[in-house]
Amino acid sequence: MNSFTDSLTTAFSLITSFDSTLAGIVARSLAVSATACVLASGLGLLLGAWLGVSRFKGRGVVLALLNTALALPSVVVGLVVYLLLSRSGPLGFLGWLFSFKAMVLAQAVLVLPVVTALVRQTIEDADRSHGEQFASLGAGPFMRSLILLWDERYALLTVLIAAFGRAISEVGAVMVVGGNIDGFTRVMTTSIALETSKGDLPLALALGLVLLGVVLLLNALIGCLKLWRGALGDRPPERSLGAA
């Protein structure tokens, strides 16, 4: 118990004193995950919306593959990206292995199925409720997808939060393709694993607390945004559609 108390006290001290090592790891981790989420979300929103409103032969197979991709272990994604970026791989000429770009690519690949699947479900549910109304007004699948993306923007914010949480909390992929190099590719999750194995529990605990704090802060910001929009009189999407 004393060991835990001492580690917790030292961890809070590292956080409140803005320890340079801690700050560097946190900044790098946020940069990698944010960049990966921006890239994956841009493509995932479009793919998910298209799958939500489109009906084509073989759609069931595509959805089955998409749902399977949700359960892919991060180390498997890291291995695939590693093979692609290795010197003998098809993308080896880029020289990205064990770099910031490699970690971004691995996390983007990991997050893309999450964004696509959740957006697809959200848009499909909305299209099932209001698709006939849009079709009667002459809106095709592309226009319906754009309208529903905007109309379901509040629900999609939670999708983006889930995607960021998936990215920033994973450890396998970034460790495989990044190499966990001190000062270059070491992020919060890989540092926690390394420092724990080394017995440096205060730093590991401090990073864990920061990681939890980041997730809590994001959820708080989303809650504040919803309250702010409600105060401005922006009605929930389902009500506005129902009144149309």
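Values in this text are rule-based calculations from the coordinates and carry no lab data. Worth saying up front: this structure is predicted, and the values here are computed from it rather than measured. For neighbour counting, all protein chains shown are included, and Cβ atoms are generated from backbone atoms with ideal geometry for every residue, glycine included.
Can you give me the Kirkwood hydrodynamic radius for the stretch 104-184, using every pair of distinct Cα atoms, in Å to one decimal?
On the way: mean 1/r = 0.0683 Å⁻¹.
After inverting the mean inverse Cα-Cα distance, the result is 14.6 Å.
Tell me the chymotrypsin sites (Phe, Trp or Tyr not before Pro) within the stretch 1-65 that lie in a loop according to DSSP and have at most 11 other beta-carbon atoms within 10 Å.
Phe18, Phe56
For the stretch 23-124, what relative contact order do you get, as a whole percent, if you take Cα pairs closer than 8 Å and at least 6 residues apart? Write out the running numbers ahead of the final one.
Values: 91 pairs, mean separation 53.0, N = 102.
Reported relative contact order: 52 percent.
Which ordering of Val26, Val115 is given by a fewest-first count of other beta-carbon atoms within 10 Å?
Neighbour counts put them in this order, fewest first: Val26, Val115.
When the expected Rg is taken as 2.2 N^0.38 Å, what fraction or multiple of it is the alpha-carbon Rg of the stretch 46-139? Could you put the intermediate results ahead of the total?
Values: Rg = 17.6 Å, N = 94, 2.2 N^0.38 = 12.4 Å.
The stretch 46-139 yields a ratio of 1.42.
Expressed as a rounded percentage, what relative contact order does the chain have, with Cα pairs under 8 Å and six or more residues apart?
Relative CO of the chain lands at 31 percent.
Can you give the helix-only mean residue ellipticity at 222 nm for the chain, where every DSSP H stretch with n ≥ 4 adds -39500 (n - 2.57) and the sum goes over all residues, rounded to the nearest 500 deg cm²/dmol?
Values: 11 runs with 194 residues, N = 244.
Computed ellipticity for the chain at 222 nm equals -27000 deg cm²/dmol.
Any idea how far apart Gln121 and Thr158 come out in nm if each label point goes 7 Å out from Cα toward Cβ?
1.0
In debye to the nearest 20, how big a dipole does the stretch 11-243 give about its Cα centre with +1 on each Lys and Arg Cβ and -1 on each Asp and Glu Cβ? Kindly include the intermediate steps, with their values, before the conclusion.
Values: 17 positive and 13 negative charges, 87 e Å.
With Lys and Arg at +1 and Asp and Glu at -1, about 420 debye.
Sorted from fewest to most neighbouring beta carbons within 10 Å, what does the list Lys57, Lys198 look like?
Lowest count first: Lys57, Lys198.
In square nanometres, what is one fourth of the surface area of the convex hull spanned by the alpha carbons of the chain? Spell out each step's value before the answer.
On the way: hull surface 67.6 nm².
Its Cα hull, projected and averaged over all orientations, spans 16.9 nm².
Please arrange Met103, Met175, Met143 by counting, for each residue, the other beta carbons lying within 10 Å of its beta carbon, fewest first.
Fewest-to-most Cβ neighbours within 10 Å comes out as Met143, Met175, Met103.
Compute the separation of the alpha-carbon centres of the stretch 22-56 and the stretch 88-163 and state it in Å as a whole number.
Answer, in whole Å: 8.
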